[in-house]
Structure formats: structure tokens, C-alpha cells
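A short write-up of the structure that comes next.
The values are calculated or read from the model by the stated rules, or taken from the named source; none is laboratory data. Model, not experiment: these values are computed from the prediction. Note that each Cβ is placed from the backbone with ideal geometry, even for glycine, and that neighbours are counted across all protein chains shown. Heads up: the accessible areas ignore ligands, DNA and RNA and are worked out on the full protein's heavy atoms, side chains in. Shrake-Rupley method; radii C 1.70, N 1.55, O 1.52, S 1.80 Å.
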Amino acid sequence: QVQLVESGGGLVQAGGSLRLSCAASGTIFGIKIMGWYRQAQGKQRELVAYIDSGGISDYVDSVKGRFTISRDNAMNTVYLQMNSLKPEDTAAYYCYADVRATLDMRFMDYWGKGTLVTVSP
């Protein structure tokens, strides 16, 4: 069983910063991709950023230059540093990971329960 636990959400003023963390635990043989989605109220969930095991990353256009995703492979942890936050960044942020639990299992997606980020004007 694999679990993802996020932390670091909260309330911040526009222009401020937050750092989200997500730690994967349980039976883990390897993790291919880790990343973050977000879902604002009344909107569809969107991919914010992802990073692979080699450090290659990508971002949705709306956060490029403001958010940075990083990863600690030894700790099975992914981070999202969010700077210059805007009210439109307000959303629930969900961590996900593409995990192979054992060598004889295929990769499967796992999700955290989400952490709320609120950016006030």
C-alpha cells in the first residue's frame, strides 16, 4: 500500500510564497513521475507541474517563472515552491506519484488527499 501525504498549504497574501511538500510512503520499489494538480472551486482539475526521476520537469504556462518543482528521490518526496502567488492560484493542490510497489508490479498512480492554498488579494 502506498500513501501520499501533502503539507504546506495555507493562507497567503498576493505576492507571497508557499512551499508544498508531498511524501510517499509504504511499499515502494520505484517512482517514475511525481507532480502536482490543482482544482479551484467550480473548475476542472489541472496539471500544475511534474518531475521525473531524472529531474526533467514541466509546468502549466500560468505558473512558469513563479513555481518550481523539485524532488528528493531518496526520501520519495516532491516539493512545489510557489512564489509571486496570485488570487487565481487559490485551489486545492493534490500530489500524485507514478509508483511501482514491487519489481513484478506495473506502475500505478497514487494520489494525496490535497492541501488547500488560499491567496488573498
(message) What is the distance in Å between the Cα centroid of the stretch 72-89 and that of the stretch 1-71?
(response) 5
(request) Give me the number: length gained by fully extending Ser84 to Ser53, i.e. 0.36 nm times residue separation minus the C-alpha to C-alpha distance, one decimal in nm. (result) 8.5 nm
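Provide, for the chain, the number of lysine pairs with alpha carbons under 21 Å apart, each pair being eight or more places apart or on different chains. Numbers along the way, then the final one.
Values: Lys32/Lys113; Lys43/Lys64; Lys43/Lys86; Lys43/Lys113; Lys64/Lys86.
Count of close lysine pairs: 5.
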(request) Could you provide, to the nearest whole Å², the per residue accessible area of the chain with probe 1.4 Å? (result) 55
(request) Can you tell me how much longer the chain between Leu116 and Thr68 gets when fully stretched, taken as 0.36 nm per residue apart minus their C-alpha distance, in nm with one decimal? (result) 15.5 nm
(request) In nm, give the distance between the simple-model label positions of Ser17 and Lys32, each being 7 Å from the Cα along the Cα-to-Cβ direction. (result) 3.3
(request) Quote the FRET efficiency, to the nearest 0.05, computed for Val5 versus Gln41 with a Förster distance R0 of 22 Å and r equal to the Cβ-Cβ distance. (result) 0.45
(message) In whole percent, and with a 1.4 Å probe on the protein chains, what portion of the accessible area of the stretch 1-103 is carbon and sulfur?
(response) 47
(request) Could you tell me what percent of the DSSP beta bridges with both partners in the chain are antiparallel, to the nearest 5? (result) 90
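Can you tally the net charge around Gly55? Count Lys and Arg as +1, Asp and Glu as -1, for every other residue whose Cβ sits under 12 Å from the Cβ of Gly55. It would help to have the intermediate numbers written out before the result.
Details: positive: Arg71; negative: Asp52, Asp58, Asp72.
Summing Lys and Arg as +1 and Asp and Glu as -1 gives -2.
Taking the Kirkwood radius as the inverse of the mean 1/r across Cα pairs, report the Rg/Rh of the chain.
0.98
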(request) Set Lys and Arg Cβ to +1 and Asp and Glu Cβ to -1, take the dipole of the stretch 31-77 about its Cα centre, and tell me which of Phe67, Gly55, Gln44 lies farthest positive. (result) Gln44
